[in-house]
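Colleague: Quick one: the structure is below, questions incoming.
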């Protein structure tokens, strides 16, 4: 048990040694690859988000044993963000198993990420509400003194009334309008371009972000121009030319 107190201790007693197999069999798998499995699963009568991080090598096994790794980073970031009033799923536990580490957080079974909502036919019914609220959510994170580090659309979960930020492994503390925050803006913007978002719709996001922080659009756009160049080039190399530039 690395984080989570009594709740984590009880959860650990319920888990089999082969956590990945258990997640695949008992949970609703959201994502899986060679080194991780993400699922919604019942633990102690609650729906929980559980991510299993498998050690990639002996060095990483040693890091896990020293309570260092992405699961710990994500847990600690969630605690810090919750304390700062930023909407994230509450961290519940971080557990060390043989060859892997588990992150457990509050599950949001009815939530959908912004990318999924946007691409559903016939598309979102309320683009202004969604994008303006996304801008306000990112602004709240930045105003609290943090950057997300991977602010793509799939890392914003809409739970009927608000967005929750997820995948918190790369969250970093930084002052307002730091370059890391500008990269968050650029990451969100390039995703919007990839998805064919129209300029007027993207404007809802900028308005929500800038109004919440009390800054102008020109300032926000200028801050991210350098990162937009590099991110657009990377996406073009990986996916080809997609969408029109929004700024």
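Colleague: What helices (runs of 4 or more DSSP H), lying completely within the range 147-246, carry at least 1 residues that are in contact with a strand residue (DSSP E or B) (Cβ under 6 Å, 6 or more places away or on another chain)?
Modeller: Fully inside the range 147-246 and qualifying: 179-194.
Colleague: Take residue 221 and decide whether it is surrounded by 13 or more Cβ atoms within 10 Å (Cβ to Cβ), within 20 Å of the chain's Cα centre (by Cα) and modelled with pLDDT of 95 or more. Working first, answer last.
Modeller: Working: surrounded by 13 or more Cβ atoms within 10 Å (Cβ to Cβ): yes; within 20 Å of the chain's Cα centre (by Cα): no; modelled with pLDDT of 95 or more: yes.
For residue 221, the condition - surrounded by 13 or more Cβ atoms within 10 Å (Cβ to Cβ), within 20 Å of the chain's Cα centre (by Cα) and modelled with pLDDT of 95 or more - is not met.
Colleague: Would you call residue 186 crowded, with 20+ Cβ neighbours inside 10 Å, within 20 Å of the chain's Cα centre (by Cα) and assigned by TED's automatic domain parsing to the domain that holds residue 129?
Modeller: yes
Colleague: Test residue 170 against the criterion of being at pLDDT 95 or above, within 26 Å of residue 38 (Cα to Cα) and surrounded by fewer than 20 Cβ atoms within 10 Å (Cβ to Cβ), and give yes or no.
Modeller: For residue 170, the condition - at pLDDT 95 or above, within 26 Å of residue 38 (Cα to Cα) and surrounded by fewer than 20 Cβ atoms within 10 Å (Cβ to Cβ) - is met.
The values are calculated or read from the model by the stated rules, or taken from the named source; none is laboratory data. If you're wondering where the values come from, they're calculated on a predicted model, not measured in any experiment. So basically every Cβ, Gly included, is an ideal-geometry build from the backbone, and we count neighbours across all protein chains shown.
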